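Engineer: Below: one structure in structure tokens.
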């Protein structure tokens, strides 16, 4: 067989009815659904080829959404060349169109194209950017966005939350904010964490967190949000999140918030000429840090328990 073609896929999904990204037996996952769609479009089984296997930039948990997810898949040249059929579209354009006809409405592939040399969706990535949205007043509760915004009962002091998390930025051990895995490091470079209450736009009035890191431990963003809420509600002092970080131990006071407010917004990659070197460096450091998604569990009430 000729050398495979690596294809970059840019995609988005509503995570509400997915049991996370990672393929799991008997569960509806983003990876499982997209791989099945790729196999159908590429006619893998009919052509006697193994089913396509995806590599993703950032695995997401059950109920977590993505607007700017990136993955790659390796495709045989014959199948890639055959995608346009008799049309004048490129193979990438044809793949997007055909996937649109077989995938469910809560999963969309927006772009598909041959990846630059050295590209690896997971290991070439420089950073991942997430947002978390909270409605902390009845007037902010939009039933049309109930699966994308956390509803809380108490008003939040967003300025206090923002000041409390700023000291967490940097290359640090986030053991206090991660679900531990034996043998896996909890050191991450948190490049930005900030809270705001937008004055206009679709998020007007909401408490919105912006979190950027080179990579994240399991439940890290949701634990950081939980610690922020404890400060915003006045249950913890402003210095508590930093003290917790320094302790490097999980605390019962850290509430891992429900998933619906969390969205993966963007994956950033280096210039094409630096992709391979970035992938090699990160792969050497991260091979023992695979983050597995948990099976989907019953959803909490949309109003966070306190």
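The values are calculated or read from the model by the stated rules, or taken from the named source; none is laboratory data. Bear in mind that the values here come from a model prediction, so they are computed numbers and not experimental data. Here the Cβ is made from the backbone with ideal geometry for all residues, glycine too, and neighbour counts use every protein chain on show.
Engineer: Pick out, from the stretch 69-176, the helices (runs of 4 or more DSSP H) lying fully within it that include 3 or more residues that are under 24 Å from residue 206 (Cβ atoms). Quick ask: steps written out before the conclusion?
Structural biologist: Numbers: elements: 77-82, 91-102, 158-165.
The qualifying helices (runs of 4 or more DSSP H) are 158-165.
Engineer: Separate question: Filter the stretch 24-58 for residues that are assigned to a helix (DSSP H, G or I) and farther than 20 Å from residue 122 by Cα and give the result.
Structural biologist: The first filter runs over the stretch 24-58 and keeps only residues assigned to a helix (DSSP H, G or I), leaving 30-42.
Correct list: 36, 37, 39, 40, 41, 42.
Engineer: Return a yes/no flag: does the stretch 6-25 have any residue that is at pLDDT below 95 and over 28 Å from residue 215 (Cα atoms).
Structural biologist: Scanning the stretch 6-25, I find no residue that is at pLDDT below 95 and over 28 Å from residue 215 (Cα atoms), so the answer is no.
Engineer: Quick check: anything in the stretch 234-257 under 29 Å from residue 123 (Cβ atoms), within 20 Å of the chain's Cα centre (by Cα) and assigned by TED's automatic domain parsing to the domain that holds residue 140? It would help to see each step written out before you state the result.
Structural biologist: Taking the stretch 234-257 as the starting set, the residues that turn out to be under 29 Å from residue 123 (Cβ atoms) are 245, 248, 250, 256-257.
Subset that is within 20 Å of the chain's Cα centre (by Cα): 256-257.
Then keep just the ones that are assigned by TED's automatic domain parsing to the domain that holds residue 140; that gives 256-257.
Yes: one or more hits.
Engineer: Out of (1) buried (at least 20 other Cβ atoms within 10 Å of the Cβ); (2) part of a loop (DSSP other than H, G, I, E, B), what's the single condition that is false for residue 198?
Structural biologist: (1)
Engineer: Pick out the one residue from 224, 190, 171, 245 that is more than 19 Å from residue 67 (Cβ to Cβ), without any contact (Cβ under 8 Å) to a residue 40 or more places away in the chain and crowded, with 17+ Cβ neighbours inside 10 Å.
Structural biologist: Numbers: 224 fails: without any contact (Cβ under 8 Å) to a residue 40 or more places away in the chain; 171 fails: crowded, with 17+ Cβ neighbours inside 10 Å; 245 fails: without any contact (Cβ under 8 Å) to a residue 40 or more places away in the chain.
Result: 190 is the single residue among 224, 190, 171, 245 that is more than 19 Å from residue 67 (Cβ to Cβ), without any contact (Cβ under 8 Å) to a residue 40 or more places away in the chain and crowded, with 17+ Cβ neighbours inside 10 Å.
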